[in-house]
Amino acid sequence: MAFYSEKVMDHFANPRNVGEIKDADGVGEVGNPVCGDMMTFYIKVEDNKIKDVKFKTFGCGAAIAVSSMVSEMALGKTVDEVVKITNDDVAKSLGGLPPNKLHCSNLGADALHKAIEDYKNNKK
Ligand code: FES
């Protein structure tokens, strides 16, 4: 009965970086039109690096695990490095996701990239 990898279960049971950053430098929100789940990422950037990252996810277990993993992958990286994180990278870092749950991993990197876009727009 191994639908989910241990990593997915761990990030689902103990999600990292849950919350909101009130004075965030960038906010990215995406929704999944198929299931109606929502994910919002908040980032703080200093010296072009992600100094803090938090998320709020209203979604399935896989979406929560994905958010948690994305937040860990982003923390401490430069803005340019974060933009290169793909949905596929996220699913791989989680040890894979069941095929019918792969769409959930799409939200993660998308929300993060939107937060970066927002940050860049705010800077202008
Ligand atoms: Fe909606 Fe997973 S079922 S994100």
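The values are calculated or read from the model by the stated rules, or taken from the named source; none is laboratory data. These numbers come from a predicted model, not from an experiment. Backbone-built Cβ (ideal geometry, glycine too); neighbour counts: all protein chains shown. Areas reflect the complete protein model, heavy atoms only, side chains present, ligands, DNA and RNA absent. Shrake-Rupley method; radii C 1.70, N 1.55, O 1.52, S 1.80 Å.
So here's what we get for this one:
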| read-out | value |
| --- | --- |
| Projected label distance in nm at residue 58 and residue 92, using a 7 Å step from Cα toward the beta-carbon | 3.4 nm |
| Mean-position separation - Cα centroids, segment 1-43 and segment 67-116, in angstrom | 10 Å |
| Total formal charge among the other residues, if their Cβ is under 14 angstrom from that of residue 61, Lys/Arg +1 and Asp/Glu -1 | -1 |
| Too-long pairs where the Cα-Cα distance tops 31 Å, listed order kept, from 56/92; 7/124; 101/124; 7/123; 7/44 | 7/124; 101/124; 7/123 |
| Vicinal HN-Hα couplings computed from phi for segment 46-58 (Karplus, 6.51 cos²θ - 1.76 cosθ + 1.60; Hz; Gly/Pro x) | 9, 6, 6, 10, 6, 8, 8, 8, 9, 9, 10, 10, 9 |
| Mean accessible surface per residue for the chain, computed with a 1.4 Å probe while every protein chain stays in place, in Å² | 53 Å² |
| Segment residue 14-residue 81, extension gain: residue separation times 0.36 nm, minus the distance between their alpha carbons | 21.6 nm |
| Fraction of accessible area attributable to carbon and sulfur, the chain (%, probe 1.4 Å) | 53 percent |
